[in-house]
Amino acid sequence: MKNNLKLHLGCGEKHIKGFVNVDSRDLPTVDVVADAHCLSMFEPNSVDLIYCSHILEHFGRREYKEVLEHWISLLKDDGILRLAVPDFEAITQYYARTRDLSQVMGLLYGGQTYPENFHYCTWDFATLRKDLEDLGLTNIERYDWRETEHAHIDDFSQAYLPHMDKENGYLMSLNVEGKKS
(Lines give C-alpha, C1' and ligand atoms only; values in the text may rest on other atoms or scores of the structure.)
Protein backbone atom coordinates (compact mmCIF):
# COMPACT_ATOMS: atom_id res chain seq x y z
CA MET A 1 0.00 0.00 0.00
CA LYS A 2 1.37 3.41 -1.00
CA ASN A 3 1.99 5.88 1.82
CA ASN A 4 0.19 9.16 1.06
CA LEU A 5 1.49 11.85 3.40
CA LYS A 6 -0.21 15.24 3.14
CA LEU A 7 0.70 18.25 5.29
CA HIS A 8 -1.51 21.22 6.06
CA LEU A 9 0.93 23.88 7.28
CA GLY A 10 -0.30 26.84 9.29
CA CYS A 11 -3.63 25.11 9.83
CA GLY A 12 -4.73 27.30 12.73
CA GLU A 13 -8.30 26.35 13.58
CA LYS A 14 -8.91 24.64 10.20
CA HIS A 15 -8.40 20.88 10.52
CA ILE A 16 -8.41 18.92 7.26
CA LYS A 17 -9.14 15.20 7.62
CA GLY A 18 -6.51 13.06 5.91
CA PHE A 19 -3.79 15.68 6.39
CA VAL A 20 -1.25 16.13 9.16
CA ASN A 21 -2.32 19.55 10.45
CA VAL A 22 0.66 21.62 11.59
CA ASP A 23 0.70 24.98 13.36
CA SER A 24 3.03 26.86 15.71
CA ARG A 25 0.16 27.26 18.18
CA ASP A 26 -1.14 24.42 20.34
CA LEU A 27 -4.80 24.40 19.30
CA PRO A 28 -7.32 21.52 19.41
CA THR A 29 -7.23 21.31 15.59
CA VAL A 30 -3.45 20.86 15.43
CA ASP A 31 -1.86 17.41 15.07
CA VAL A 32 1.76 18.61 15.23
CA VAL A 33 2.88 21.79 16.98
CA ALA A 34 5.88 23.09 15.04
CA ASP A 35 7.26 26.13 13.30
CA ALA A 36 6.62 25.70 9.57
CA HIS A 37 10.20 26.85 8.93
CA CYS A 38 11.64 23.83 10.74
CA LEU A 39 9.79 20.59 10.12
CA SER A 40 12.53 18.17 11.14
CA MET A 41 9.98 15.55 12.20
CA PHE A 42 9.31 14.88 8.48
CA GLU A 43 11.89 13.18 6.30
CA PRO A 44 13.09 14.79 3.08
CA ASN A 45 11.38 13.35 -0.02
CA SER A 46 8.54 11.86 2.07
CA VAL A 47 5.53 14.12 1.46
CA ASP A 48 3.03 13.85 -1.41
CA LEU A 49 1.24 17.19 -0.90
CA ILE A 50 1.95 20.30 1.15
CA TYR A 51 -0.94 22.74 1.47
CA CYS A 52 -0.36 26.19 2.96
CA SER A 53 -3.16 28.75 3.02
CA HIS A 54 -2.01 32.27 3.83
CA ILE A 55 1.10 31.35 5.81
CA LEU A 56 4.00 32.15 3.45
CA GLU A 57 3.45 35.91 3.82
CA HIS A 58 4.14 35.55 7.56
CA PHE A 59 7.82 35.01 6.76
CA GLY A 60 10.16 37.90 6.05
CA ARG A 61 11.14 38.85 2.54
CA ARG A 62 14.66 37.64 3.21
CA GLU A 63 13.58 34.26 4.59
CA TYR A 64 10.52 33.09 2.64
CA LYS A 65 12.61 31.52 -0.18
CA GLU A 66 14.51 29.48 2.40
CA VAL A 67 11.16 28.36 3.83
CA LEU A 68 9.92 27.38 0.36
CA GLU A 69 13.15 25.51 -0.31
CA HIS A 70 12.68 23.56 2.93
CA TRP A 71 9.08 22.68 2.08
CA ILE A 72 10.09 21.54 -1.42
CA SER A 73 12.85 19.36 0.08
CA LEU A 74 10.16 17.46 1.99
CA LEU A 75 8.22 16.64 -1.19
CA LYS A 76 8.60 13.35 -3.03
CA ASP A 77 9.33 13.52 -6.73
CA ASP A 78 6.04 14.54 -8.39
CA GLY A 79 4.86 15.88 -5.01
CA ILE A 80 2.70 19.01 -5.05
CA LEU A 81 3.24 22.29 -3.22
CA ARG A 82 -0.12 24.08 -3.05
CA LEU A 83 0.00 27.66 -1.83
CA ALA A 84 -2.55 30.36 -1.16
CA VAL A 85 -1.25 33.87 -0.49
CA PRO A 86 -2.82 37.33 -0.65
CA ASP A 87 -3.02 38.36 -4.32
CA PHE A 88 -1.38 41.77 -4.63
CA GLU A 89 -2.82 42.37 -8.09
CA ALA A 90 -6.38 41.59 -6.94
CA ILE A 91 -5.93 43.68 -3.80
CA THR A 92 -4.74 46.74 -5.70
CA GLN A 93 -7.49 46.37 -8.31
CA TYR A 94 -10.12 46.10 -5.59
CA TYR A 95 -8.72 49.16 -3.83
CA ALA A 96 -8.66 51.13 -7.11
CA ARG A 97 -12.38 50.28 -7.60
CA THR A 98 -13.54 50.98 -4.05
CA ARG A 99 -10.97 53.41 -2.60
CA ASP A 100 -11.64 51.67 0.74
CA LEU A 101 -8.32 50.80 2.34
CA SER A 102 -10.02 49.31 5.41
CA GLN A 103 -11.24 46.38 3.29
CA VAL A 104 -7.72 45.27 2.31
CA MET A 105 -5.73 46.04 5.49
CA GLY A 106 -5.88 42.44 6.78
CA LEU A 107 -4.71 41.08 3.44
CA LEU A 108 -1.77 43.46 3.39
CA TYR A 109 -0.73 43.48 7.05
CA GLY A 110 -2.28 40.39 8.66
CA GLY A 111 -4.77 40.19 11.48
CA GLN A 112 -2.19 41.20 14.10
CA THR A 113 -4.11 39.34 16.80
CA TYR A 114 -1.13 37.32 18.06
CA PRO A 115 2.66 37.68 17.62
CA GLU A 116 2.97 35.59 14.43
CA ASN A 117 -0.06 37.16 12.74
CA PHE A 118 1.75 39.85 10.72
CA HIS A 119 2.35 39.91 6.96
CA TYR A 120 5.77 40.71 5.55
CA CYS A 121 5.44 39.84 1.84
CA THR A 122 2.98 39.79 -1.00
CA TRP A 123 3.00 38.42 -4.54
CA ASP A 124 1.35 38.56 -7.90
CA PHE A 125 1.22 35.45 -10.08
CA ALA A 126 4.31 36.29 -12.17
CA THR A 127 6.46 36.90 -9.09
CA LEU A 128 5.34 33.79 -7.23
CA ARG A 129 5.70 31.63 -10.36
CA LYS A 130 9.28 32.88 -10.84
CA ASP A 131 10.14 32.17 -7.20
CA LEU A 132 8.79 28.62 -7.50
CA GLU A 133 10.51 28.01 -10.85
CA ASP A 134 13.81 29.28 -9.41
CA LEU A 135 13.43 26.67 -6.66
CA GLY A 136 12.88 23.87 -9.17
CA LEU A 137 9.12 23.41 -9.28
CA THR A 138 7.42 22.73 -12.61
CA ASN A 139 3.82 22.76 -13.87
CA ILE A 140 3.18 25.94 -11.89
CA GLU A 141 -0.38 27.11 -12.33
CA ARG A 142 -3.31 28.63 -10.54
CA TYR A 143 -5.72 26.17 -8.97
CA ASP A 144 -9.42 26.54 -8.29
CA TRP A 145 -10.09 25.99 -4.58
CA ARG A 146 -13.44 24.40 -5.56
CA GLU A 147 -11.57 21.53 -7.23
CA THR A 148 -9.41 20.50 -4.26
CA GLU A 149 -9.98 17.78 -1.68
CA HIS A 150 -10.11 20.54 0.95
CA ALA A 151 -12.74 22.74 -0.80
CA HIS A 152 -15.13 22.13 2.12
CA ILE A 153 -12.71 23.96 4.46
CA ASP A 154 -13.52 27.67 4.37
CA ASP A 155 -10.03 29.10 4.71
CA PHE A 156 -8.28 32.12 3.21
CA SER A 157 -7.84 30.40 -0.17
CA GLN A 158 -11.52 31.35 -0.44
CA ALA A 159 -11.06 35.00 0.62
CA TYR A 160 -13.48 37.22 -1.28
CA LEU A 161 -14.40 40.87 -1.12
CA PRO A 162 -17.04 41.79 -0.26
CA HIS A 163 -16.46 39.32 2.58
CA MET A 164 -17.89 35.85 1.91
CA ASP A 165 -19.48 36.85 -1.41
CA LYS A 166 -18.22 33.82 -3.32
CA GLU A 167 -20.81 34.23 -6.07
CA ASN A 168 -20.33 37.90 -7.01
CA GLY A 169 -17.26 39.01 -5.07
CA TYR A 170 -13.60 39.25 -6.06
CA LEU A 171 -11.18 36.50 -5.04
CA MET A 172 -8.33 38.09 -3.04
CA SER A 173 -6.27 34.91 -2.73
CA LEU A 174 -3.59 33.91 -5.22
CA ASN A 175 -3.93 30.12 -5.33
CA VAL A 176 -0.93 28.48 -7.01
CA GLU A 177 0.52 24.98 -7.10
CA GLY A 178 3.58 23.37 -8.61
CA LYS A 179 5.16 19.97 -8.87
CA LYS A 180 8.58 18.80 -7.71
CA SER A 181 10.43 17.13 -10.56
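The values are calculated or read from the model by the stated rules, or taken from the named source; none is laboratory data. These figures come from a predicted structure and were not determined experimentally. A quick note on method: Cβ atoms are made from the backbone with ideal geometry, for glycine too, and the neighbour counts reach across all protein chains shown. Note: areas computed on protein heavy atoms with side chains; ligands, DNA, RNA excluded. Shrake-Rupley method; radii C 1.70, N 1.55, O 1.52, S 1.80 Å.
Here are some conditions: (1) open to solvent by 80 Å² or more (accessible area, probe 1.4 Å); (2) of a type in the set (Gly, Ala, Ser); (3) at positive phi. Gly10 meets all but one. Which one does it not meet?
For Gly10, the failing item is (1).
Does region 151-181 hold any residues that are surrounded by 20 or more Cβ atoms within 10 Å (Cβ to Cβ) and outside any helix (DSSP H, G or I), and which are they?
Asp155, Ala159, Leu161, Met172, Ser173, Leu174, Asn175, Val176, Glu177, Gly178, Lys180
Considering only region 117-144, state which residues are farther than 25 Å from Asp78 by Cβ, touching a helix residue (DSSP H, G or I) at 6+ places or on another chain (Cβ under 6 Å) and in contact (Cβ under 8 Å) with a residue 60 or more places away in the chain.
His119, Cys121, Thr122 - these are the residues of region 117-144 that are farther than 25 Å from Asp78 by Cβ, touching a helix residue (DSSP H, G or I) at 6+ places or on another chain (Cβ under 6 Å) and in contact (Cβ under 8 Å) with a residue 60 or more places away in the chain.
Residues Leu81, Leu68, Leu74: which one is closer than 16 Å to Tyr143 by Cβ, open to solvent by less than 10 Å² (accessible area, probe 1.4 Å), touching a residue at least 40 places away in the same chain (Cβ under 8 Å) and of a type in the set (A, V, I, L, M, F, W, C)?
Leu81
Mind listing just one residue for me: the one in region 121-150 that is among the β-branched types (Val, Ile, Thr) and surrounded by 12 or more Cβ atoms within 10 Å (Cβ to Cβ) and, of those, farthest from His58 (Cα to Cα)?
Taking the candidates together, the pick is Thr148.
Taking region 13-58, which residues are in contact (Cβ under 8 Å) with a residue 60 or more places away in the chain, open to solvent by less than 40 Å² (accessible area, probe 1.4 Å) and part of a loop (DSSP other than H, G, I, E, B)?
Selection gives Ile16, Phe19, His54.
What number goes with the only condition from (1) more than 18 Å from Ser53 (Cα to Cα); (2) open to solvent by less than 20 Å² (accessible area, probe 1.4 Å) that Asp100 does not pass?
Status for Asp100: all satisfied but (2).
Which is acidic (Asp, Glu) and over 14 Å from the mean Cα position of the chain (by Cα), of Glu177, Glu147?
None of the others qualify; the one that does is Glu147.
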